[in-house]
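Notes follow the structure.
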Amino acid sequence: MNHTTLQMFKIVAEEQSVTKAAQRLGRVQSNITTRIQQLEEDLGVTLFVRDSKKMILSPEGESFLSYTKKILSLAEEARQALHPGKPAGVLNMGSMEATAVSRLMPVFQQFHRRYPDVELALTTQPTQQLLEQVRHASLDCALVSLLPDAGGHIQCPEDLEYLDVFTERLVLLVPETASSTKPLLAAFPRGCSYRARAEALLNAQTLVEVQDVSSYHSMIASVAAGRCSGVLPEGVAATLILPEGTQQQFVANALTQLVWRKGYRSTALEAMKQILASASNL
């Protein structure tokens, strides 16, 4: 088991295909297939469930992928610590879906122009899931929305550091004709900070049920059906075609922060902090 084999395993897991992984890595398929088979023999487990079209991670493969990301991240951190200077290597970054949709395109474009030797790998998840991935070194950093306590102070895990980057106006999309039955809130799965804020607001009025959605387009479809309200940043709402007659009600102002492990340093991370600071609307 070496760095190259782990990198191959990670790419195959991401692409779900040896063919696509070979194209991405610039290697022949047979070499990657052999490396994966040797890795499975060394570990004594089956990492992938293979069918005619895809290679899907087995439960053991899912577990090993988590450790692989940590190992590769720590190896990159060590490399950059020994060779400080021009940012290079891979920056594994997470983001909330809303931030990726409304904020990251110009940020990534500027970053790539200025630091072409850094490969950006982006994962989108709700805030709580991103925090766990950063804490366990599956991600180097992530854009999240940390919830404030009753006194308005940001609550951040003690083993993480953060930088305030953006502020967003959260709005509730309310259908033109509300259903006579108990209303639902369409929101991303539990762990989403925007959902938590909307639930707190609505539960202060009446207990609300939540319908999980996986994208903003499915949220809008739920609102269009007339029974669900949806919560999202005003900037994201502006990019979507809303159902006719939809009302927007202010929920709260929410900060977006970049978080990283306490003590973690890399030239790529420092470069991303600088780019985000220049793009900040604070």
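Bear in mind that the values in this text are calculations on the coordinates, not laboratory data. Just so it is clear, the structure is predicted and the values come from calculations on it, not from any experiment. Note that we place each Cβ from the backbone using ideal geometry, even for glycine, and neighbour counts take in every protein chain shown.
Quick notes on this one:
- Lys, Arg +1 and Asp, Glu -1 on Cβ, resulting dipole of region 167-254 about Cα centre, debye, nearest 20: 180 debye
- Seen from residue 193, the other residues with C-beta closer than 11 Å to its C-beta sum to a net charge of +1, counting Lys and Arg as +1 and Asp and Glu as -1.
- Our estimate of slack between residue 250 and residue 277, defined as 0.36 nm per intervening residue step minus the Cα-Cα distance, is 7.1 nm.
- Value of relative contact order over region 138-274, rounded to a whole percent, pairs C-alpha under 8 Å and six or more apart: 44 percent
- Length released on extending from residue 30 to residue 164, taking residue separation times 0.36 nm less the Cα-Cα span: 43.6 nm
- Taking GluC sites (Glu not before Pro) as exposed when DSSP calls them loop and at most 15 other C-beta atoms lie within 10 angstrom, the chain has its longest site-free stretch at 1-157.
- For residue 86, the aspartates and glutamates whose Cα falls under 17 Å of its own Cα, not counting residues fewer than eight places away in the same chain, are 76, 77, 117, 119, 270.
- With a Förster radius of 41 Å applied to the C-beta separation of residue 83 and residue 242, the computed FRET efficiency comes to 0.25.
- Region 1-83: relative contact order as a whole-number percent, Cα under 8 Å and 6+ apart: 30 percent
- Candidate lysines for bridging to residue 54, where Cα separation is under 16 Å - those fewer than 8 sequence places away on the same chain excluded: 10, 20
- Solvent-free Debye scattering, log10 I(q)/I(0), computed from the Cα coordinates of the chain at q = 0.13, 0.16 Å⁻¹: -0.98, -1.23
- Principal axis analysis of the Cα atoms in region 167-254 yields extents of 33, 29, 22 Å, listed in decreasing size.
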